[in-house]
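Worksheet: the structure to be examined is printed underneath.
The values are calculated or read from the model by the stated rules, or taken from the named source; none is laboratory data. Quick caveat, the model's predicted, so the values are computed rather than measured. When we count neighbours, we look across all protein chains shown, and the Cβ atoms used for this are built from the backbone with ideal geometry, even at glycine. Surface accessibility is based on the protein's heavy atoms, side chains included, excluding ligands, DNA and RNA. Shrake-Rupley method; radii C 1.70, N 1.55, O 1.52, S 1.80 Å.
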Amino acid sequence: LHAWRPIQHQFRGVASQTTTPKLPPHVLRYQQEYKARNRALLYYTTAVILFVGGASYAAVPMYRAFCSATGYNGTPMTSGRFDSDRMVPMTEAKSIKVHFNADRSSSLPWSFTPQQKYVVVKPGESSLAFYKAKNNSTEDIIGIATYNVTPSKVAPYFSKLECFCFEEQRLLAGEEVDMPLLFFIDKDCLEDEGMKDVDDVVLSYTFFKARRNTRGHLEPDASHEEVQASQGFQDFPSIDPNAPKA
């Protein structure tokens, strides 16, 4: 042991005397700039890949969200202008009769009907309506409802506060439920010249059996064309998110 320690110190001394040659400042600066450019290029490329992939994945949902937010193409508003001062009945304005329609896919063994044929509302007046659904099968089933309103020009003013269509509905075998809908027609419609001839509005729902797509998300178990038609998009070009890629 006593013989080893001086040798150990000797090696340490040799190691401490060995130094790495210093590079000139301009070379070090170039290396730092080169590494920084590489990192920036990597971040940029990654961001582009994520953006393009996310845009293609979300194109259809984003379009539908846009329609729900703006009322475009007959899609009732489901977000935005819900301030209390907007929900004050305009008693001097003419009334609007809102009719309720219910459809279902042939593959869904449910009965689905509105509990009232129509309600009469004033612009700015909130109204509560109900639909009834029953699972007539012997197994639990998840359903998804799509919707649209006609004439389409009323859609920017037709706002939903609560609706069973906001999320999928699971009905047990033989279960029957009441499904509420709380809505109002925005008083801004009174300032729209195109709304002056609107006396009747039809709100339509279509229930589909749910399935999981390749990404694991629930979606209507129906053809892309059938779902588009139920939302009033049949006359507009669209991309089938489940279509095989070329």
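Ordering 202-210, 100-108, 164-172 by mean Cβ neighbour count within 10 Å, with the highest value first, yields 202-210, 100-108, 164-172. Over 18 Å apart at the Cα level, from the set LYS97/LYS122; LYS117/LYS187; LYS97/LYS132, are LYS117/LYS187; LYS97/LYS132.
Once the other residues with Cβ under 13 Å from the Cβ of TYR205 are scored (Lys, Arg +1; Asp, Glu -1), what is the net sum? Surrounding charge for TYR205 is +2. Cβ under 12 Å from ALA173's Cβ, ALA173 left aside: what net charge do those residues give with Lys, Arg +1 and Asp, Glu -1? Summing Lys and Arg as +1 and Asp and Glu as -1 gives -2.
Around LYS132, under 9 Å between beta carbons, what's the net of Lys plus Arg minus Asp minus Glu among the other residues? In short, -1. For region 135-188, the relative contact order is 49 percent, taking Cα pairs closer than 8 Å that sit 6 or more residues apart in sequence and dividing their mean separation by the residue count.
Modelled spin-label separation between LYS134 and SER111, with each label point placed 7 Å from Cα along the Cα-to-Cβ direction: 0.3 nm. Surface composition of region 90-193: carbon plus sulfur atoms hold 46% of the accessible area, using a 1.4 angstrom probe and ignoring ligands, DNA and RNA.
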